[in-house]
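J.: If you scroll down you'll find the structure; I have some questions about it.
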């Protein structure tokens, strides 16, 4: 097996080339209401009949050509395009305009100024609940079939389109033995080396508490003091990551020996030859969601596209292009058996469900405490 140092240069170049941004911005509702700027938007792709590029533009306003779809860009959005958008365009003769990345402030600005050009938007687990409901259209569940969706992943303003997990990834060249629980992430005696953590209280506090032997059924409401105290025990060994691309870079370079990692990003590095393994015990399971901005001129078509993406006959196709799992129970058995073991649906029995409602009610105060702790 090749050494970490010997492969650092090639892995770094490859990872920078292939990294994508999965997570949407995590501004709190209170924070982005104060902002008036708009984020950078990626190149627009128009999918017409047959999925071919057309002559559409990304001009804002509800009168733009085609149905507007926005996601996080790069590899994840490419996978969505191959799995859902091109087939849908072929089957319905619907042109689809694409933008990226998802930007909550931009979405808010569109809605408040009646200039909505995003019809379907992929958001992270921090958007589409009560605090942001006034920016969204209620989903039409007479069009979208939510019955086969995994429990807890469909609500009034959003429906999950895939399942993902935060799991323990470890470098097999740096670690002797096999970590078995989140507690091992905090055991620097048995498993020495730097630790990778997401620079956000969301997911990080959960993992700290699980690593401090809090039972999954007792995880919420989060004991923030206990979680920060646990993180204090390894604070000097923490290397923070803020995006999936940064996480992949740390894993590829061997900068961290163990990490709290999004499963798709860790699997991408495993597939590229990085000496990593994933420990799925108590993996923290969450999702990305589809929403419809309030005021879109294409509400009915937006509901139809969402219905297509989450349907049992279509939802599993995303897993053919990126290691995230179906959210539709009818679609789970249709996944290629060769990739089933790489997906969080195979580990739901040892998984811990993330509670987005708790975060929607507590995010601002907890983020303030976490940020203060990081800077101390």
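J.: When you check residue 89 against the structure, is it under 17 Å from residue 78 (Cβ atoms), touching a residue at least 40 places away in the same chain (Cβ under 8 Å) and outside the structural domain of residue 357 (by TED's automatic domain parsing), yes or no?
T.: Working: under 17 Å from residue 78 (Cβ atoms): yes; touching a residue at least 40 places away in the same chain (Cβ under 8 Å): yes; outside the structural domain of residue 357 (by TED's automatic domain parsing): yes.
Here the answer is yes, as residue 89 does meet what is asked.
J.: Residues to consider are 76, 141; find the one that is at negative phi, assigned by TED's automatic domain parsing to the domain that holds residue 292, surrounded by fewer than 18 Cβ atoms within 10 Å (Cβ to Cβ) and in contact with a strand residue (DSSP E or B) (Cβ under 9 Å, 6 or more places away or on another chain). Spell out the reasoning first.
T.: Working: 76 fails: surrounded by fewer than 18 Cβ atoms within 10 Å (Cβ to Cβ).
Exactly one residue qualifies, and that residue is 141.
J.: For residue 318, are the conditions met, namely being under 20 Å from the mean Cα position of the chain (by Cα) and in a helix (DSSP H, G or I)? Give the derivation first.
T.: Details: under 20 Å from the mean Cα position of the chain (by Cα): yes; in a helix (DSSP H, G or I): yes.
Criteria met by residue 318.
J.: May I pose another question? For region 322-338, which positions are part of a helix (DSSP H, G or I) and in contact with a helix residue (DSSP H, G or I) (Cβ under 6 Å, 6 or more places away or on another chain)?
T.: At the first step, the residues of region 322-338 found to be part of a helix (DSSP H, G or I) are 332-334, 337-338.
Answer for region 322-338, where residues must be part of a helix (DSSP H, G or I) and in contact with a helix residue (DSSP H, G or I) (Cβ under 6 Å, 6 or more places away or on another chain): 332, 334.
J.: Out of (1) farther than 21 Å from residue 262 by Cβ; (2) modelled with pLDDT of 55 or more, what's the single condition that is false for residue 44?
T.: Only one criterion is unmet by residue 44, namely (2).
J.: Got a sec? Which of 297, 307, 302 is in the same structural domain as residue 90 (by TED's automatic domain parsing), part of a loop (DSSP other than H, G, I, E, B) and at pLDDT 95 or above? Spell out the reasoning first.
T.: Numbers: 307 fails: part of a loop (DSSP other than H, G, I, E, B); 302 fails: part of a loop (DSSP other than H, G, I, E, B).
Only one candidate passes the filter, namely 297.
J.: So in region 323-365, with the set limited to residues that are closer than 13 Å to residue 205 by Cβ and surrounded by fewer than 19 Cβ atoms within 10 Å (Cβ to Cβ), which one is nearest to the chain's Cα centre (by Cα)? Walk me through it before giving the result.
T.: Applying the first criterion (closer than 13 Å to residue 205 by Cβ) to region 323-365 yields 352, 354-355, 358-359, 362-363, 365.
Applying the additional criterion that residues be surrounded by fewer than 19 Cβ atoms within 10 Å (Cβ to Cβ) yields 355, 358, 362, 365.
Numbers: 355: 15, 358: 18, 362: 20, 365: 23 Å.
Filtering first and then ranking leaves 355.
J.: In addition: What single numbered condition from (1) closer than 16 Å to residue 164 by Cβ; (2) crowded, with 21+ Cβ neighbours inside 10 Å fails to hold for residue 292?
T.: Tallying (1) closer than 16 Å to residue 164 by Cβ; (2) crowded, with 21+ Cβ neighbours inside 10 Å, residue 292 fails exactly one: (1).
J.: May I pose another question? For region 307-322, give me each residue that is surrounded by fewer than 24 Cβ atoms within 10 Å (Cβ to Cβ) and touching a residue at least 24 places away in the same chain (Cβ under 8 Å).
T.: 307, 308, 311, 312, 314, 317, 320, 321, 322
J.: Quick one: how many residues across region 234-257 are closer than 19 Å to residue 273 by Cβ and under 22 Å from the mean Cα position of the chain (by Cα)?
T.: Pass one, region 234-257, residues closer than 19 Å to residue 273 by Cβ: 244-245, 247-257.
Add one more test, that the residue is under 22 Å from the mean Cα position of the chain (by Cα), and what stays is 244-245, 247-252, 256.
Final tally of qualifying residues: 9.
J.: Restricting to region 169-182, give me the number of residues that are under 27 Å from residue 326 (Cα atoms) and either out of contact with any helix residue (DSSP H, G or I) (no Cβ under 6 Å at 6 or more places or on another chain) or part of a loop (DSSP other than H, G, I, E, B) (or both). Lay out the reasoning, then the answer.
T.: Within region 169-182, the first condition is being under 27 Å from residue 326 (Cα atoms), and the residues that meet it are 169-170, 180-182.
Then keep just the ones that are either out of contact with any helix residue (DSSP H, G or I) (no Cβ under 6 Å at 6 or more places or on another chain) or part of a loop (DSSP other than H, G, I, E, B) (or both); that gives 170, 180-181.
Here the count works out to 3.
The values are calculated or read from the model by the stated rules, or taken from the named source; none is laboratory data. Keep in mind that what you see is a predicted model, and the values were worked out from it rather than measured. Don't worry about glycine lacking a Cβ; one is built from the backbone with ideal geometry, like all the others, and counts go over all protein chains shown.
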